[in-house]
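Notes to accompany the following structure.
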Amino acid sequence: MARLSFFGAAGTVTGSKFLLEHNGFRMLVDCGLFQGLKQLRLRNRAAPPFDPSELDLVVLTHAHLDHTGYLPVLGLRGYEGRVLATEATGDLCGVLLPDSGHLQEEDARWANKRHYSKHDPAKPLYTKDDALRCLAMLRPAPFYEPIEVHDDVTLRFYPAGHILGAAMIEARLSGKGGGKTILFSGDLGRCARPILPDPEPLPDCDHLLVESTYGDRDHPEEDPASELAEVVRRTLDKGGVVLIPAFAVGRTQAILYMLNEMMRDGRLDPAIPIYVDSPMAIQAIRIFMRHAEAHDREMRTQVARGEDPLGLGNSRLCSSVEESKALNDVTTGIIVSASGMATGGRILHHLKRRLPDRKTTVLFAGYQAVGTRGRHMQEGAETVRIHGEEVPVRARVEILDGLSAHADRGGIVNWLGKGKKPSSVHLVHGDPDARDGMASYVKEKLGYETHRPDYRDTVTV
């Protein structure tokens, strides 16, 4: 029998790591950082519950750091094998991982300068150079084609529709104890959304690991573009700035796409200044435009026609530190900056400057993990700690739910219901309430039980 161990994203959203062992072959599916609460982040620095040097393969569902950000640590702890990912995921990792190392170095430098770390000296989990070294392990994996990674294990990648290059990964096991298929959903996207294709219909499988980020709710039916336009108009009418913390990969591009659409159809004034202040997001934009094969049909058509679907001609891309600092003088417009949960990056400097201003609107456009600054602000915090200082929150804080790149409970149940029922379904990548809600909803709508693994649980499949 094969063994499946849950070393992350089990009762939490972050830290995805699933170890599959079959006939002496050890494969880690995803290699993510824990984020949010301190007790979770401490796991990043502890010895992992497996020996990285004994792994035969690592595969990645997509490039977000909660699925890839531990990869440099894996290398530092002895892993020297291959890392399989789609080509677009590999390109995005080439941006995200070095940036993650750089931000950790900067955070450590700032902590040592201001003496607010409990460690003396504060040290990064890994450096930019560590991240660059691990990129050499990446190998491209095509969609749909079988990839034999072991005599008894064959993989296949399917589009997941979450971000550019995102995949669900099928593992077909043969040989002794084989004859079964395990599917790792990764993060499932939503149907009929701009830029990206819909998730692949559920392939036949015996055992399924499926995400449950929004397992206890449905996304609002309101048009997110109309909500965005209303926030922009209201804020600019009172002479303020709309500050949007946005994931550099996926969310920034979706926001630019919507703003461009609304400026083209007259819902927003095309003269509104838009600033993208994230070197990583700017690099990701270039990768998005390079990987037209990973777009949906409409996006591919626009690019083929030579159009500007992201409105880059109307946006000011701020790469340098000097360009970023110059935004301190901006009195009206839209600033899109990373990170999306306000855990690091240039967004912190903008928040520190603009949160005390009642004319500012901070618009969160993505999931905010428990324990992050973004979550604290969403929940009405009167102050947030930034660079060792308590900053008053006088700005208006808004939430744009409709932009989520994750399927909600209805989307997941619809996806499950159109496929063959697996022998077992394991709910992962969800906080406890969301995962419990997903289990109840699957039981109510489809009539079958699901498994909710805990951290470090192991099952036979």
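A few comments on the model shown:
- Asp51 charged (D, E, K, R), touching a strand residue (DSSP E or B) at 6+ places or on another chain (Cβ under 7 Å) and surrounded by fewer than 20 Cβ atoms within 10 Å (Cβ to Cβ): no
- Residue under evaluation Lys443, criteria (1) farther than 25 Å from Leu363 by Cα; (2) surrounded by fewer than 20 Cβ atoms within 10 Å (Cβ to Cβ); (3) in contact with a Leu (Cβ under 9 Å, 6 or more places away or on another chain), criterion not met: (3)
- Within the range 132-170, the set of residues being among the aliphatic types (A, V, I, L, M), assigned to a strand (DSSP E or B) and touching a Ser or Thr at 6+ places or on another chain (Cβ under 7 Å) comprises Ile147, Ala167, Met168, Ile169.
- The one condition from (1) surrounded by fewer than 17 Cβ atoms within 10 Å (Cβ to Cβ); (2) part of a loop (DSSP other than H, G, I, E, B); (3) without any contact (Cβ under 8 Å) to a residue 40 or more places away in the chain that Leu268 does not meet is (1).
- Taking the range 13-31 as the range and being in contact with a Lys or Arg (Cβ under 9 Å, 6 or more places away or on another chain) and closer than 17 Å to Glu80 by Cα as the test, the residues that pass are Leu19, Leu28, Val29, Asp30, Cys31.
- Test for Ser5: is it in contact with a Cys (Cβ under 9 Å, 6 or more places away or on another chain) and surrounded by 15 or more Cβ atoms within 10 Å (Cβ to Cβ): no
- Every pair of residues 6+ apart whose Cβ atoms lie under 8 Å, when the first sits in the range 154-183 and is more than 18 Å from Met27 (Cβ to Cβ) while the second is assigned to a strand (DSSP E or B): Pro159/Phe143; Pro159/Ala167; Pro159/Met168; Ala160/Ala167; Ala160/Met168; Gly165/Ala85; Ala166/Pro159
- In the range 82-118, residue nearest to the chain's Cα centre (by Cα) [restricted to those that are surrounded by fewer than 18 Cβ atoms within 10 Å (Cβ to Cβ) and not in a helix (DSSP H, G or I)]: Arg82
- Asp204 being over 28 Å from Ile334 (Cα atoms), in contact (Cβ under 8 Å) with a residue 24 or more places away in the chain and surrounded by fewer than 24 Cβ atoms within 10 Å (Cβ to Cβ): yes
- Comparison of Val428, Val384, Val370 shows that the only residue that is more than 25 Å from Arg193 (Cβ to Cβ) and under 21 Å from the mean Cα position of the chain (by Cα) is Val370.
Rule-based calculations on the coordinates, nothing more; no lab input. Please read these numbers as outputs of a predicted model, since none were measured by experiment. Every residue, glycine as well, gets a Cβ built from its backbone with ideal geometry; the counts of neighbours run over all protein chains shown.
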